[in-house]
Amino acid sequence: MNHTATRVAACALLVLAVAAAAFAAPVAVVFSKGEGIFLTDSEGKQPVKLATGHNPEISPDGRFVAFTAPSGKDGWGRKIAVAEIASKKITIMKTIPGENSYGPRWSPDGKSLLFNHWDERSGDWVFGTVALADGSFRVLAPDQKGIYSPFWSADGASVYGQDLDTLYRIDVPSGAVVERRPLAEVTGSEAMVSSALRFSLSPDGTMWLFDAEVEDTGKLMKRGEPLNSAIFLHTPADGKTRRLTPENICAMHPSWLPGGKEFLFAGYGPNEAKRKGSPFAIFRRGLDGAKATLLLKEGDSPSAGRERNAK
């Protein structure tokens, strides 16, 4: 083999090695457990507590975690907060009015948060946004009351939400509703919609994971409740929706892993259902139909970030 061919072969091997290392690198994962928010990784490393609160979500650059923090006397209220992972410094977004905002979602550029906000003037739920740089707060589509399940478009120019019947697309610059469509076109006939429905946009923006209540045909639920929860996949390009999780698993709060081939979710199966207290654990699953694997024995509301060793 000549020198040129040797160099080409060596470079190819190096590229493959780097790609394999990047693929195998653990990914930062945050989740809630009880009243705490914890940091682990996609291999289930020993969790470390970051803050007190719920609904954690990792920022696009992997440096921060937005979450719902308790506020007010005796912690009865809810505020949007951000924790820096490296220092564990917590910042409460005090420019958001009122004491009832929850479920922050990062914008694709990591500069803003979208969340559910109780509008005291109208007495209903709206979508609020807050800029991380200066704390500026605004309400999107203020006339659209009773809206839930906020999530961003891939380009950050729009946000989506639903009111149990209709899926809305809201233009962020203008704050106006620019598209309406029947929610059933997305969720399908099996899913039962509620205000707790949560969407997760794939890394490439082409697929939507979401959770929804379904009939408990697997007889999994405790105390004979008639409804279970399942995770579905919707592809906007062809309008198709399919259920991903089986009837013997209660599954909710999906979160994509980098690469868009796997996701995390909170849930439980027959073994976890027998436990005292909360049965929820965190699982990892692919889109190929393979059985979900247990990541953490206890936990809820997972959110996956980027590779831990990435800069």
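Annotations
- Filtered residue count, segment 27-57, keeping only those that are β-branched (V, I, T), touching a residue at least 60 places away in the same chain (Cβ under 8 Å), in contact with a Lys or Arg (Cβ under 8 Å, 6 or more places away or on another chain) and closer than 12 Å to I85 by Cβ: 0
- Matching residues in segment 81-113 - criterion: being over 14 Å from A131 (Cα atoms) and either in a strand (DSSP E or B) or hydrophobic (A, V, I, L, M, F, W, C) (or both): A83, E84, I85, A86, I90, N100, S101, Y102, G103
- Single unsatisfied condition, S200 versus (1) at pLDDT 95 or above; (2) within 23 Å of P104 (Cβ to Cβ); (3) surrounded by fewer than 18 Cβ atoms within 10 Å (Cβ to Cβ): (3)
- Matching residues in segment 239-256 - criterion: being buried (at least 19 other Cβ atoms within 10 Å of the Cβ) and either under 18 Å from V186 (Cβ atoms) or touching a Gly at 6+ places or on another chain (Cβ under 9 Å) (or both): T241, L244, T245, I249, C250, A251, M252, H253, P254, W256
- Restricting E179, E213, E185, E262 to residues that are more than 28 Å from G156 (Cβ to Cβ) and acidic (D, E) narrows the list to E213.
- Contacts under 7 angstrom Cβ, first residue in segment 249-271 being under 14 Å from I231 (Cα atoms), partner basic (K, R) and buried (at least 17 other Cβ atoms within 10 Å of the Cβ), 6 or more apart: H253/R198; E262/R284; E262/R285; F263/R285; L264/R284; F265/R285
- Scan of segment 159-188 for residues that are in contact with a strand residue (DSSP E or B) (Cβ under 6 Å, 6 or more places away or on another chain), in a loop (DSSP other than H, G, I, E, B) and surrounded by fewer than 18 Cβ atoms within 10 Å (Cβ to Cβ), ordered by number: G175, G188
- Screening S278 with (1) at pLDDT below 90; (2) more than 14 Å from the chain's Cα centre (by Cα); (3) part of a strand (DSSP E or B) gives one miss only, at (3).
- Odd one out for Q144 among (1) in contact with a Phe, Trp or Tyr (Cβ under 8 Å, 6 or more places away or on another chain); (2) surrounded by 13 or more Cβ atoms within 10 Å (Cβ to Cβ); (3) modelled with pLDDT of 95 or more: (3)
- Options A191, A131; residue that is surrounded by fewer than 20 Cβ atoms within 10 Å (Cβ to Cβ), modelled with pLDDT of 95 or more and of a type in the set (G, A, S): A131
- In segment 97-116, the residues that are surrounded by 19 or more Cβ atoms within 10 Å (Cβ to Cβ) reach residues that are outside any strand (DSSP E or B) and among the polar types (S, T, N, Q) with C-beta atoms within less than 8 angstrom, at least six apart or across chains, in these pairs: W106/S59; L113/S107; L114/S107.
- Residue match in segment 50-57 (condition: on the phi < 0 side of the Ramachandran plot, outside any strand (DSSP E or B) and surrounded by fewer than 21 Cβ atoms within 10 Å (Cβ to Cβ)): no
- With respect to (1) at pLDDT below 95; (2) farther than 26 Å from R169 by Cα, the lone exception for F64 is condition (1).
- Taking the criterion of being buried (at least 20 other Cβ atoms within 10 Å of the Cβ) and within 14 Å of L233 (Cβ to Cβ), the residues of segment 258-276 that qualify are F263, F265.
- S255 passes every criterion in (1) assigned to a loop (DSSP other than H, G, I, E, B); (2) modelled with pLDDT of 95 or more apart from (1).
- Any hit, segment 110-118, residues being under 18 Å from G305 (Cβ atoms), within 17 Å of the chain's Cα centre (by Cα) and among the small types (G, A, S): yes
- Search result, residues across segment 119-173 that are over 13 Å from S107 (Cα atoms) and either of a type in the set (F, W, Y) or in contact with a Cys (Cβ under 9 Å, 6 or more places away or on another chain) (or both): W125, F127, F137, Y148, Y168
- Of residues in segment 117-128 being in a strand (DSSP E or B) and among the charged types (D, E, K, R), the one surrounded by the fewest Cβ atoms within 10 Å (Cβ to Cβ): D124
The values are calculated or read from the model by the stated rules, or taken from the named source; none is laboratory data. Just so you know, these numbers come straight off a predicted model, no measurement behind them. For neighbour counting, all protein chains shown are included, and Cβ atoms are generated from backbone atoms with ideal geometry for every residue, glycine included.
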